[in-house]
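Following: one structure in structure tokens, then a few remarks.
The values are calculated or read from the model by the stated rules, or taken from the named source; none is laboratory data. All values derive from a computational prediction rather than experimental measurement. So basically every Cβ, Gly included, is an ideal-geometry build from the backbone, and we count neighbours across all protein chains shown. Heads up: the accessible areas ignore ligands, DNA and RNA and are worked out on the full protein's heavy atoms, side chains in. Shrake-Rupley method; radii C 1.70, N 1.55, O 1.52, S 1.80 Å.
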Amino acid sequence: MSDFNSMTLMAAGEMIAEMSTQTAFSSLTLGWGVDEFCGSGSVASKANEMVRFARSSMGGRSVPTVNGNCDLSRAMIEHAITASEQSKCNKPDVWLRLLAGLKMDGFTLVEEEVPDPMGRSSIFDDAPRVITQTVLRRMLPEDVPETDFREATSEIEVLLGRHGFGVAKGHLDQAVQNFSQGNWFPPTR
């Protein structure tokens with residue numbers, strides 16, 4: 001069963017349609033292996049079929065994304081949140097429905113600084129260039145007084161990196177990623 005309600009998935013489908021040409025949409029669905037379920041016609045009608053498939057019992061299939069394999073509905077959401085500012089301005093009601101749906105589903109969008117995937121160096125020092133990207137995170141409890149998990153995690157990551165604890169930082173990154181995706185159980189052996 002999907003972590004996302006039908007309003008969230010529909011808004012994600014509409015945002016993907018806004019972001020895509022016929023060719024871009026076909027490339028996306030071919031990459032995910034769901035092109036046969038998206039019908040024909042306009043990008044919007046194909047996106048509606050993809051939403052319908054994602055909500056079906058077969059829609060829980062795992063698809064490859066840049067963040068690893070995940071179910072189709074999560075892949076759609078992660079793709080939709082990469083929408084350009086122009087796409088958001090063209091469809092402000094769709095973007096607001098997507099954000100509202102994510103909030104109802106217990107998710108939030110967070111801006112994170114990550115090393116440039118192109119491997120370029122910063123013009124200010126020898127460190128890698130840093131870019132900002134929007135990522136999907138589980139909402140954290142707000143009713144615990146004086147607890148800011150995002151701030152604490154960020155500070156710990158800086159300290160681990162500064163003091164050369166690369167393996168520990170990698171484990172923390174995996175734990176945070178699993179927590180944000182709702183993977184509460186350890187892997188089976």
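The order of the peptides 94-102, 107-115, 4-12 by mean Cβ neighbours within 10 Å, most packed first, is 4-12, 94-102, 107-115.
The stretch between V130 and V167 holds 11.2 nm of extra length on full extension. This uses 0.36 nm per residue minus the Cα-Cα distance. With the simple model of a label 7 Å out from the Cα in the direction of the Cβ, Q22 to T108 spans 4.3 nm.
For region 60-134, the mean projected area of the C-alpha convex hull, equal to one quarter of the hull surface, is 6.5 nm². Taking every protein chain into account, the accessible area of region 1-68 amounts to 51 square angstrom per residue (probe 1.4 Å). For T132, neighbours were defined as the other residues whose beta-carbon sits under 14 Å from its Cβ, and their charges (Lys and Arg +1, Asp and Glu -1) total -4. With a Cα-only, solvent-free Debye model of region 1-51, what are the log10 I(q)/I(0) values at q = 0.24 Å⁻¹? For region 1-51 at q = 0.24 Å⁻¹, log10 I(q)/I(0) is -0.88.
Kindly identify region 1-113 as rounded, prolate or oblate by the Cα gyration tensor criterion: order the square roots of the eigenvalues as a ≥ b ≥ c, call it rounded if a/c is under 1.5, otherwise compare a/b with b/c, prolate if a/b is larger, else oblate.
Details: a/c = 1.41, a/b = 1.15, b/c = 1.22.
Here region 1-113 falls in the rounded category.
Note on Q86 and R138: their simple-model spin labels are 3.7 nm apart, each label 7 Å out from Cα toward Cβ.
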